[in-house]
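No lab work stands behind these numbers, since they all come straight from the coordinates. Just so we're clear, the structure is a prediction, and the values are computed from it rather than from any experiment. All Cβ positions, glycine included, derive from the backbone under ideal geometry; neighbour counts span all protein chains shown.
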Amino acid sequence: MATETDVLVIGGGPAGITFSRVLKKLRSETSITMLRPEEYSMVYCAIPYAIEGLFEHEKVYKKDSLVTDVGVDLVRTHAVNVDFDNKEVTDSAGTVFRYETLFIATGAVPVRPPIPGADARNVFTIKTQEDMLALIARVEAQAKKAVVIGAGAIGVEQAQAYREKGLETHLVYIATRVLPNMIDEDMATPLHKVLAEKGINLTLGVGVERMETVENQVSRVRLANGDAIDLDPERDFVCLSVGMKPDIALFEHPRLELEHDGIVVDARMRTSLPNVYAAGDNCHFQSAIDGKPIGGKLATNAVPMAKVAARNVAGIADEYPGFFNGAATCTFQYRVGATGFTEELARQRGFQTVSGHGSTTSLFPMMPGATELKVKIVADAQSGRVIGGQVLGETPTADKVDTITLAIQQSLTLKQLAKLSYSAQPWQTFFPARNAIVEACENALGLLTKQA
Ligand SMILES: Cc1cc2nc3c(=O)[nH]c(=O)nc-3n(C[C@H](O)[C@H](O)[C@H](O)COP(=O)(O)OP(=O)(O)OC[C@H]3O[C@@H](n4cnc5c(N)ncnc54)[C@H](O)[C@@H]3O)c2cc1C
């Protein structure tokens, strides 16, 4: 006999949790069942710092009471079959759930590229509790070397963690700069310098050709430029950090629209099947800047998408505008933040760009602890509309990034953002005459004037 539920949620990450909590708040009478196989839902963003040993790794585990306290029935199993026509889902325990509305929040899983040796026992990815515990175990078991493949935010944060734990650390990436989805080459240079200064062996613009193994453990990583990194297969390890792919293999139906990077949803988070919604890392969605598809596998996208889905399921019309992709990361003492398009991406997407830099100090320059801070603003040269921003400094950048995101959201031009009204105080802000966001816009406008 099937278990009946008004809403079945598949997945217990940020999207599943947020959706369930918001829907319960709006409609407490709605019965919600959540299928979530893992022991704990986790704060993934904090995993690199748990590996670095900054706190007990248990602190990344979320409490089930986040959902059970609001009345969600949490079932610790996998969905293994979905019958959209009969509105039924079967889980790994053989239970059949019959739903009125289905919410798919299965997220994404790390990509394991088809490099020979990539399946060896000492080659890890980073996402699950098992991944985190296996990496901590290797580090604690006196690994001497770590090779991180991929230098997006997760790869760089991990490389830093292994280096801080005293390992010889290699960071290898096929792209010619770190964080290519966040920052342009000019903003990446200081990061390359600090990674080298801190003793990380950084190899950019070079792929991994193959990994040689001994008893199914990698003993040598062969790079495409002919170099090799030798490992002790019993102790050392490789971590792949080359991207995420949507976890959607389970969802097949002739009328369910799918793209390579996820389930297609509209602005209300509806899939192409009636009463089936999706949000988070398993979705294909578009940029709010140009309306064209763009990746956006961030918790800061998953959460607002899930809120929109919950409101629509509750009967309150709401729309998600698209991804702006405001994000932040750290590289040793540097804090890095970015939003919208990099100049490189904007050009690839058909914009003629103009950009400007602002460079100032995080506090008034005479204040103890004042450090250099750089802002880059990217705009569409034709309309002057701001379409991207990058911030680099030694103090938190996210507040500046969020200001720029708001400007992008509101379709502000360089001229308008240059008129930003800001506050100033010696301990807290830029020097009054040198707001770096304003300065970057003014410099970009100067370029526009010169071009005209
Ligand atoms: C190391 C790391 C660091 C990160 N740092 C940041 C950061 O600093 N900032 C940021 O914004 N984002 C960060 N992210 C990305 C962020 O964690 C994700 O965007 C976010 O978790 C997506 O949420 P989600 O709910 O869509 O998917 P997930 O969090 O992936 O959750 C998916 C859920 O679905 C479950 N599931 C999958 N298949 C099934 C099935 N068949 N049956 C039942 N359940 C299933 C999974 O077990 C899981 O519970 C980071 C990610 C990682 C891995």
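Some notes on this structure:
- Using θ = phi - 60° in the Karplus curve 6.51 cos²θ - 1.76 cosθ + 1.60, the 3J(HN,Hα) couplings for the stretch 343-358 round to 5, 4, 5, 4, 5, 4, 8, x, 7, 8, 10, 9, 9, x, 10, x Hz; x is entered for Gly and Pro.
- Inter-probe distance in nm under a simple model that places probes 7 Å from Cα toward Cβ, at ALA93 and ASN81: 1.8
- At most 14 other Cβ within 10 Å, DSSP loop - trypsin sites (Lys or Arg not before Pro), the stretch 410-448: LYS419
- Using the Stokes-Einstein relation with a Kirkwood hydrodynamic radius computed over Cα pairs, the translational diffusion coefficient of the stretch 252-305 at 4 °C and a viscosity of 1.567 mPa s comes to 114 µm²/s.
- For the stretch 123-242, the calculated P(r), taken from all Cα-Cα distances in 10 Å bins from zero up to the bin holding the longest distance, is 14, 48, 32, 6, 0 percent.
- Given charges at Cβ of Lys, Arg, Asp, Glu: the chain dipole, positive-most of PRO274, LEU66, ALA440: ALA440
- Residue-averaged 222 nm ellipticity for the chain, from DSSP H runs of 4+ at -39500 (n - 2.57), nearest 500: -7500 deg cm²/dmol
- Proximal aspartates and glutamates to LYS400, defined as alpha-carbon separation beneath 17 angstrom and excluding residues fewer than eight positions away on the same chain: GLU372, GLU439, GLU442
- When all alpha carbon pairs of the chain are counted in 10 Å bins from zero, the resulting P(r) reads 4, 19, 26, 26, 19, 6, 1, 0 %.
- Spin-label model, HIS253/GLU185: points 7 Å from Cα along the beta carbon direction are separated by 4.8 nm.
- Checking the Cα-Cα distances for LYS144/LYS198; LYS59/LYS198; LYS376/LYS415; LYS245/LYS297; LYS376/LYS419; LYS145/LYS198 against a 18 Å cut-off, the pairs over it are LYS59/LYS198.
- The charge dipole of the stretch 314-449, taken about its Cα centre with unit charges on the Cβ of Lys, Arg, Asp and Glu (plus for the first two, minus for the last two), comes to roughly 240 debye.
- For the set LYS63/LYS87; LYS24/LYS63; LYS307/LYS374, the pairs lying more than 23 angstrom apart at their alpha carbons are LYS63/LYS87; LYS307/LYS374.
- Calculated Rg and Dmax of the stretch 333-451 using C-alpha coordinates, Å: 13.7, 44
- Here the dipole of the chain is about 1120 debye; that uses its Cα centre as origin and unit charges on the Cβ of Lys and Arg (positive) and Asp and Glu (negative).
- Charge dipole (Cα centre; +1 on Lys/Arg Cβ, -1 on Asp/Glu Cβ; no other charges) of the stretch 123-242 amounts to roughly 80 debye.
- DSSP-assigned coil residues among GluC sites (Glu not before Pro) in the stretch 240-315, each with at most 11 further Cβ atoms within 10 Å: GLU252
- For THR3, residues with placed amide H under 5 Å, excluding near neighbours: VAL96, PHE97, ARG98
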